[in-house]
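J.: I am attaching a structure below and will ask some questions about it afterwards.
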Amino acid sequence: MATAKSSRVPPMQTEVLIAGGGPCGLMLAIELGRRGVHCLLVDQKPGTAFNPQANATQARTMEHFRRLGFANQVRAQGLPPEHPTDIAYLTRFAGIELARLRLPTAAQAPQVIKNLSGSWSAAELPHRVSQKFVELVLREQAQAQASADVRYGWQLKEFQDTGSDIEAVVQPLEGGSALSVRASYLVGADGARSFVRSQLGIGWEGSSGTKRHFMGGKMLAVYLRAPGFYARNPNERAWMYVVVNPELRAFIMSVNGQDEFAFHIQMADDAATEALTEADARHLFGRAFGQAMEIEILSMATWLAGHALVAEKFQQGRVLLGGDAVHLFTPTGGLGYNTAVEDAVNLGWKLAHVLQGRAPHTLLESYELERKPLALRNTGYARQFADSIGLFAAAPELEEDSPAGAQARAVASDYLNGHVRREFNIPGVTFGGRYDHSPLIVADGTAPPPDAANSYTASACPGGRPPHAWLADGRSLFDTLHSEWTLLALGSEPPDTKPFELAARALGLDLRVVRHDVPTLATLYEAPLALIRPDQIVAWRGSDAQLALAVLRQVSGQLPPR
């Protein structure tokens, strides 16, 4: 590891140094800033992402944005409110449609979700929006925090964990003096090629380089402007179009619902892919569309699909890692960016509790214990989705105007209509992540529901997302939860909550009792009392408050009394 150089200028003091200004780093700055924790975020890019990158904000991520007060601002980004968010599979973008999953528009989503139940009982629906737009909102929110210092165009040059703090050097890329920084903790949210992880010598576990017909091997990504795309496409408008063809495999997503698109095409895994020119990209786009079309290329690059990697460790001493620095996905299911956001949500309250004296440093050990199993789970699901679409072979006759072609299209249609629901209707993946084996969860002897990608069973079994419900006044139950610790007291005659209130005061925990005299909620939670963590995870539930002090000590990571 590099050693921070001494400087005559006194080092800048902060509590958390964040390397990386993508979704994980920005979300962490928001979580810390709202709790009054001082943090410095540096990112060597001049600003937030230019390229579209991830394109799906899952419902659980939208619930976290709602908790923080800016879900509506995110939902207003990207596609026009009435633009379809369907996913369509075709022989070419302007060819024959083979399958389609119809989904609500951004304008419809807030009302549609209020009428859904079962697996989709939630405060928010997913939102189809390019990450570049989400990052703009996150940056604005982070910079609005008085205790957050957000600096793009700055690079983490070196750092040292002294055991008692972090000594680091950051420097502006466009010239200017290096700045020495002393922080209590460093969080590496600096992407797949993480400088922080590399300096710590932490390697990857899992699989990489998986070859498939699609979503395995070299891919060409082109961010482009195509004003004629919709006018010259005879098919019903969608948000995402996927080409399934014996000749080529590609997909395209609308960035702004008008003329900007993110186009990706599977390439042969050879060095020639890196030498592709803009003329080559135009030719490939024309083949995928079905006819030549004038396009403006805004950027292009190659990337490698076929990753399902998780870092060996998420923490080493006073350095923690999150986002792409600790998990790499093939982007099927749209899980990478969403998993990164939840890393920050999990870590934010824990860092605040430690730094503000409500818990010992050992609380942070629960971060890896909780998040690494979720990273393994989610990369596994993404790999399954990639296999489902990537290993499907399109018949040679697929585009023929013949009985054999019609039969091939019928077979493809049947398979792809099944696949699109397997990959994109995933409430189980979205809501079903659990921390059952965490030392911060007080088990009650009940079994959690099965983990299944395409179905979700709401359960207040400690360790998972609280069951959701809409209240008679139109609010989400989640809207009534406290920003820190919440004790739900449910039913007409809930047990006495005073022991929890007194214990929380003694332990320095910000706990609020939220009462709902609604019989259906007590039934839904299968207990009159439920303790909800700051990251909206059920930590405990029960029928009385007799063990309140012991429960709060455990769930907040506090040491037992000496």
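J.: Which strands (runs of 3 or more DSSP E) sit wholly inside region 252-341 and have at least 2 residues that are farther than 25 Å from residue 59 by Cα, open to solvent by less than 10 Å² (accessible area, probe 1.4 Å) and β-branched (Val, Ile, Thr)?
T.: Those strands (runs of 3 or more DSSP E) do not exist here; none qualify.
J.: Within 30 Å of residue 480 (Cα to Cα) and at pLDDT 95 or above - does that describe any residue in region 46-56?
T.: No, the conditions are met nowhere in region 46-56.
J.: Return the pairs, sorted by first residue and then second, in which the second residue is among the β-branched types (Val, Ile, Thr) and crowded, with 24+ Cβ neighbours inside 10 Å, the first residue lies in region 33-47 and is touching a residue at least 60 places away in the same chain (Cβ under 8 Å) and over 20 Å from residue 169 (Cα atoms), the beta carbons are less than 7 Å apart, and the residues are 6+ apart or on different chains.
T.: 37/16
J.: Search region 85-110 for residues that are touching a residue at least 24 places away in the same chain (Cβ under 8 Å) and pair each with any residue that is open to solvent by 20 Å² or more (accessible area, probe 1.4 Å) and among the hydroxyl-bearing types (Ser, Thr, Tyr) when their beta-carbon atoms are under 7 Å apart and the residues are at least 6 apart or on different chains.
T.: 98/413; 99/413
J.: Take the conditions surrounded by fewer than 23 Cβ atoms within 10 Å (Cβ to Cβ) and farther than 19 Å from residue 461 by Cα and apply them to residue 528. Does it pass?
T.: No; evaluated as a whole, the condition is false for this residue.
J.: OK, next. Listed residues 429, 420, 442, 411; which is part of a helix (DSSP H, G or I), more than 19 Å from the chain's Cα centre (by Cα) and buried (at least 19 other Cβ atoms within 10 Å of the Cβ)?
T.: The conditions single out 420.
J.: Moving on to the next point. If I filter region 187-202 for residues that are assigned to a strand (DSSP E or B), modelled with pLDDT of 95 or more and within 19 Å of residue 313 (Cα to Cα), do I get at least one hit?
T.: Yes, region 187-202 contains a residue that is assigned to a strand (DSSP E or B), modelled with pLDDT of 95 or more and within 19 Å of residue 313 (Cα to Cα).
J.: A further question on this structure: Consider only pairs whose beta carbons are under 9 Å apart and that are at least six residues apart or on different chains; among these, list those whose first residue lies in region 404-432 and is closer than 14 Å to residue 97 by Cβ and whose second residue is open to solvent by 50 Å² or more (accessible area, probe 1.4 Å) and aliphatic (A, V, I, L, M).
T.: Correct list of pairs: 409/96.
A quick yes/no check of all residues on (1) under 20 Å from residue 147 (Cβ atoms); (2) among the aliphatic types (A, V, I, L, M):
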| residue | (1), (2) |
| --- | --- |
| 15 | yes, no |
| 18 | yes, yes |
| 38 | yes, no |
| 47 | no, no |
| 73 | no, no |
| 100 | no, no |
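J.: If you don't mind, there's one more thing I want to ask. Regarding region 493-515, can at least one residue be identified that is surrounded by 15 or more Cβ atoms within 10 Å (Cβ to Cβ) and among the polar types (S, T, N, Q)?
T.: Taking every residue of region 493-515 in turn, at least one turns out to be surrounded by 15 or more Cβ atoms within 10 Å (Cβ to Cβ) and among the polar types (S, T, N, Q).
J.: Sticking with this structure for a sec: Of all residues in region 19-35, count the ones that are surrounded by 24 or more Cβ atoms within 10 Å (Cβ to Cβ) and not in a helix (DSSP H, G or I).
T.: 4
The values are calculated or read from the model by the stated rules, or taken from the named source; none is laboratory data. As the structure is a computational prediction, the values presented were derived from the model and not from experiment. Glycine gets a Cβ as well: all are built from the backbone with ideal geometry, and neighbour counts include every protein chain shown. Heads up: the accessible areas ignore ligands, DNA and RNA and are worked out on the full protein's heavy atoms, side chains in. Shrake-Rupley method; radii C 1.70, N 1.55, O 1.52, S 1.80 Å.
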